[in-house]
Amino acid sequence: MKHRFLFTLFSLIIFLGCSKENSENNDNTLNKNNNRETVGFSANDLLSDALFKSMVIEVVYVEGYEPSQATITNFVSFLTDRTFKPNGILVEKRAIPSRGNDVYSIAAIADIERELRQNYNSEDQIAVWVLFTDGRSDQDSSTNSVLGTAYWNTSFVIFEETIQELSNSTFEPDRTLLETTVINHEFGHILGLTDLGSPMVEDHEDLAHPKHCDVETCLMFWAIESSAGIDAMVNMSSVPQLDVQCIADLRANGGK
Ligand SMILES: [Zn+2]
Ligand SMILES: [Zn+2]
């Protein structure tokens, strides 16, 4: 019997928007605007320690949709392997109540960030925001579920309710494995992959699936987001890794 993964196409999408708030000019707002640039804009600042010696990751989740501690540990390990932050990577995690919405647009997710985000870039610390939300993406269709989206230079959302529905049952992947894969993939976009702020050392962008890597086993391969990718994850014991070309791009842009 074929299970439902064969009929469900997953995708993790990137949102190539533009910051609209550059006209505001008090100091506080200027600081916030540094965290409202396009995806990939801060790749070098995140990878290198030229400007920022540490990183704070603000993990906010809707009650009932907390990522596992193993997922957070895996994510920090991924960042530690690829970025230079001699003063450390700090995680600040907290819960928020549900807003009761079934569906969220990225505009609505960004509004929640504007309202609740507490950490912005400071003198030598770069700040990252991630929301684990209930509800689903307004980009979902009968054949396509969005699991996560990177939408600003230091901001991404994980559709945790969708991840919970699609993990930890028979013929479904382990939840920590799926969460870690989605988070690392989205953060790969924020680190500028593929050709999204970290220029390619060698050409390896999959032109049929822009801003993704053409190596099938790579974390940044498009099929990570597809039924085939999720199918493979059912029996996988570890999270997909970046291939040598993606790592070369990150190293060329100041990373490890
Ligand atoms: Zn992607
Ligand atoms: Zn790759």
22 Å Cα-Cα threshold exceeded, pairs from Lys93/Lys211; Lys53/Lys256; Lys93/Lys256: Lys93/Lys211; Lys93/Lys256
Relative contact order of the chain, pairs being alpha-carbon contacts under 8 Å that are 6 or more residues apart, as %: 27
Spatial separation of Cα centroids for segment 181-253 and segment 27-94, in angstrom: 19
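Tell me, what is the FRET efficiency for Ser105 and Glu66 to the nearest 0.05, using R0 = 30 angstrom and their Cβ-Cβ distance as r?
0.85
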Exposure proxy order (Cβ contacts within 10 Å, fewest to most) of Met220, Met200, Met233: Met200, Met233, Met220
Relative contact order (%) - segment 30-93, alpha-carbon pairs under 8 angstrom, separation at least six: 48
Those aspartates and glutamates that a straight Cα-Cα span of less than 14 Å connects to Lys32, excepting residues fewer than 8 apart in one chain: Glu21, Glu24, Asp111, Glu113, Glu115, Glu123
Among beta bridges that DSSP assigns inside segment 4-251, antiparallel share in %, nearest 5: 15
Neighbour-count ranking [beta-carbon atoms within 10 angstrom, fewest first] of Val182, Val91: Val91, Val182
Spin-label proximity, Asp124 to segment 30-61 - amide N less than 19 Å from point 7 Å beyond Cα toward beta carbon: 45-57
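Values in this text are rule-based calculations from the coordinates and carry no lab data. Being a predicted model, the structure only gives us computed values, none of them experimental. Here the Cβ is made from the backbone with ideal geometry for all residues, glycine too, and neighbour counts use every protein chain on show.
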